[in-house]
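The values are calculated or read from the model by the stated rules, or taken from the named source; none is laboratory data. What you see is a predicted model; the values in this text were computed from it and never measured. Quick reminder, even Gly has a Cβ in these numbers, built from the backbone with ideal geometry, and neighbours come from all protein chains shown.
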Amino acid sequence: MAVEFELSEVGVHTLRVGVSYLDPLTNEPKSLRKFYRFQVLNPLTITFKHVLIQDISFVEAKIQNITQIPLHADTIVFVPSPPFEAQQLTAPDNDNANNLIFPDDSIQCIFKVTAEHLDLSLGTLNLGRLEVNWKSAMGESGRLQTQPVMRKVGSVKEATVTVLLPTPVVAQVGQPFVASVLIQNNGTRAMNLQLQLRRDLMLGILCSSVSHLNVGIVQGKSSVHVSVELLPLIAGLQQIRGVLAVDMDSQVEFAMEKPVYVLVK
């Protein structure tokens, strides 16, 4: 008699076998129980490398056979979590022996993970899991599903603000000059933005035009240029400060990240 049972956890397992029978001499019912302890290990180790290019995630999976026998990978699938979609860029060819993983050998697969609507304000995002179905040389089959692949979003902002100066810039005390402010919407949702030049944060160079300007709706993956007039008040190397964009719906502020310096004569 053969019994098949899927094991979903690694570690020590105990198999209890019970047999009931009749004594052929006394016709008395009897039973026998026996316990078998065995260790369950992962036949494969899977490591990930995640590369983020703009809003596109590239997940590279390295699958290594840590058993003493060859294993055949029937399917290797990345199961994305909503709202992500996954596309397999490189994979073993199902028509040849590249699916066969020898002991201590490994194969690599790359998946492109994208989403149409993505909230970049979240700290981490669950991209999905890798699922591998395999068979041994004796025909034993198994399935392995990894932990979620997480994407960190801390360094990515929904909007960025950059001050662009004319080249060459000639700044003199008491003479206004015009600069351009580039506001980029890095996310996929439209944002109702307002450009603010806060005089209380400025020193040496102040805003001599409208300090709060409604930019309007900026669609996802797009940008807008806004011209502003600045007035130098102090000679020397001065930094432009206090320039930021505000999402009027969520009141989230996006300050300029890269400092901009102007030599005032």
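For this structure, a couple of remarks:
- Residues in the stretch 193-214 that are polar (S, T, N, Q) and farther than 15 Å from F254 by Cα: S208, S209, S211.
- Considering (1) under 29 Å from the mean Cα position of the chain (by Cα); (2) farther than 30 Å from I56 by Cβ; (3) among the hydrophobic types (A, V, I, L, M, F, W, C), the lone condition that A235 does not fulfil carries the number (1).
- Any pair with Cβ under 7 angstrom, 6 or more apart, that starts in the stretch 38-56 at a residue that is outside the structural domain of T124 (by TED's automatic domain parsing) and ends at one that is acidic (D, E) and surrounded by 14 or more Cβ atoms within 10 Å (Cβ to Cβ): none
- Positions within the stretch 207-240 being buried (at least 18 other Cβ atoms within 10 Å of the Cβ) and in contact with a helix residue (DSSP H, G or I) (Cβ under 7 Å, 6 or more places away or on another chain), in sequence order: C207
- Pick from the stretch 248-264, criterion more than 27 Å from the chain's Cα centre (by Cα) and part of a strand (DSSP E or B), ranking: nearest to M191 (Cα to Cα): V260
- Being modelled with pLDDT under 95, more than 30 Å from I217 (Cβ to Cβ) and polar (S, T, N, Q) is a condition met by no residue of the stretch 151-164.
- Boolean, P80 is at pLDDT below 80 and surrounded by 12 or more Cβ atoms within 10 Å (Cβ to Cβ): no
- If the condition is being farther than 12 Å from V226 by Cβ and buried (at least 19 other Cβ atoms within 10 Å of the Cβ), then the stretch 188-203 contributes M191, M202.
- Some residue of the stretch 147-160 being assigned by TED's automatic domain parsing to the domain that holds T114, touching a residue at least 24 places away in the same chain (Cβ under 8 Å) and closer than 30 Å to A2 by Cβ: no
- Residue satisfying all of: in the stretch 38-65; more than 15 Å from A86 (Cα to Cα) and polar (S, T, N, Q); modelled with the lowest pLDDT among these: Q54
- Test: residue in the stretch 183-196 that is touching a residue at least 60 places away in the same chain (Cβ under 8 Å), closer than 22 Å to R241 by Cβ and not basic (K, R): yes
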